[in-house]
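The values are calculated or read from the model by the stated rules, or taken from the named source; none is laboratory data. Please read these numbers as outputs of a predicted model, since none were measured by experiment. Because the Cβ atoms are built from the backbone with ideal geometry, glycine has one as well, and the counts that use them run over all protein chains shown.
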Amino acid sequence: MKIITLTLNPALDKNAKVDGLIPASKMRCHSIQYQSGGGGINVSRILKRLEVDSNCVFPSGGDTGIHLTRLLKEEGVQTNPISIKDWTRENLAIVDTNTNLQYRFGMPGNELSEEELIAIKKTLAKYVQKDDFLVLSGSLAKNLPQNFYSKLIEEFSNKQPKIVVDTSGISLIKTLEQSVYLIKPNQRELAQLAGKEFLSNIEQEEFAKELVEKGKAKYVVVSLGAKGAFLACKEGVFYQSTPSVQVKSTIGAGDSMVGGLIYGVQKEYAPKDILKMGVACGVATTMSEGTQLASTKNIDKVLQLISV
């Protein structure tokens, strides 16, 4: 089974450090790095670290799009860029070395024309077959309707792929109008799906199990932040805590978790081990600076800490 990731709102991520943030002063940046970013793109990047290939589909425009594509190729990711008119956006993350606090600046995404959307769908249709993973991860391009993922799932329903969704807000709510294979909301997003402001621990479990029982998703993985995550499926509810590590950046941690979950499913792990792999990849990414994502060394290290 193949893995195809779709990123509709990618970004060229720029990371830098400054020795003290001072208002109205020219601050000298150093330790500048560039990385490719965006939900599905990060999933493909973490899978490559796990020695699993995927087809990474994304819109690419202007010099920033060319740079992003080149960075992915250097990592060995199989790229499928769709040429678009708008330039791919840039995001910026700055670490103040005096405080070790990170400041993140997200830029508006590109728009996608009808012709560009058709090209994206044609590319997906070329790759997606029955039982393949189709990963819909990240925010939507700014001119797309909130039900875009839902409509896309409907269009590809005849191919019967395993749909993995990691998005938020109304887009996530609309997406679950269709049945999917796996979703990864956080606690706030799960409450929104339930139409509430807050869910207690017991309510979180019950609602996640309800989504599984109603056939909305085979796996519901709920991120609990620093406390770890739990997974609900027909076999039951499984929890995984996180080991104590030095957190350098949380950028891409959620996407890395999705990559680890998919890896576990593809390897036919038991549910508790699927969750363990997902949490390990997410935690390992927080140990890297900027948007570098997890190294295989840190993934193995976290897996050992979890086992202990």
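Things worth noting here:
- Long-range neighbours under 8 Å by Cβ, at least six apart or interchain, first residue surrounded by 14 or more Cβ atoms within 10 Å (Cβ to Cβ) within segment 56-76, second assigned to a helix (DSSP H, G or I) and among the charged types (D, E, K, R): PRO59/GLU116; LEU72/ARG45; GLU75/ARG45; GLU75/LYS48
- Here segment 9-30 is the region considered, the condition is being of a type in the set (A, V, I, L, M, F, W, C) and in a loop (DSSP other than H, G, I, E, B), and the residue that is modelled with the highest pLDDT is CYS29.
- Candidates in segment 1-52 are the residues that are without any contact (Cβ under 8 Å) to a residue 40 or more places away in the chain and among the basic types (Lys, Arg); of these, the one that is nearest to ILE251 (Cα to Cα) is LYS48.
- Test for SER157: is it surrounded by fewer than 20 Cβ atoms within 10 Å (Cβ to Cβ), hydroxyl-bearing (Ser, Thr, Tyr) and free of Cβ contacts under 8 Å to residues at least 60 places away in the same chain: yes
- Close pairs from segment 228-256: first farther than 30 Å from LEU92 by Cβ, partner surrounded by 21 or more Cβ atoms within 10 Å (Cβ to Cβ) and small (Gly, Ala, Ser), Cβ under 6 Å, at least 6 apart: ALA232/ALA208; GLN240/ALA229
- When we screen SER150, SER168, SER223 for residues that are among the small types (Gly, Ala, Ser) and closer than 21 Å to LEU124 by Cβ, the only hit is SER150.
- Residue that is surrounded by the most Cβ atoms within 10 Å (Cβ to Cβ) [pool: residues in segment 257-307 that are touching a residue at least 60 places away in the same chain (Cβ under 8 Å) and in a loop (DSSP other than H, G, I, E, B)]: ALA294
- Of all residues in segment 139-170, those that are touching a strand residue (DSSP E or B) at 6+ places or on another chain (Cβ under 8 Å), closer than 16 Å to PRO185 by Cα and not hydroxyl-bearing (Ser, Thr, Tyr) total 4.
- Taking each residue of segment 190-207 that is in a loop (DSSP other than H, G, I, E, B) and looking for partners that are small (Gly, Ala, Ser) with beta-carbon atoms closer than 8 Å, six or more apart or interchain, yields GLU197/ALA191; PHE198/ALA191; LEU199/ALA191.
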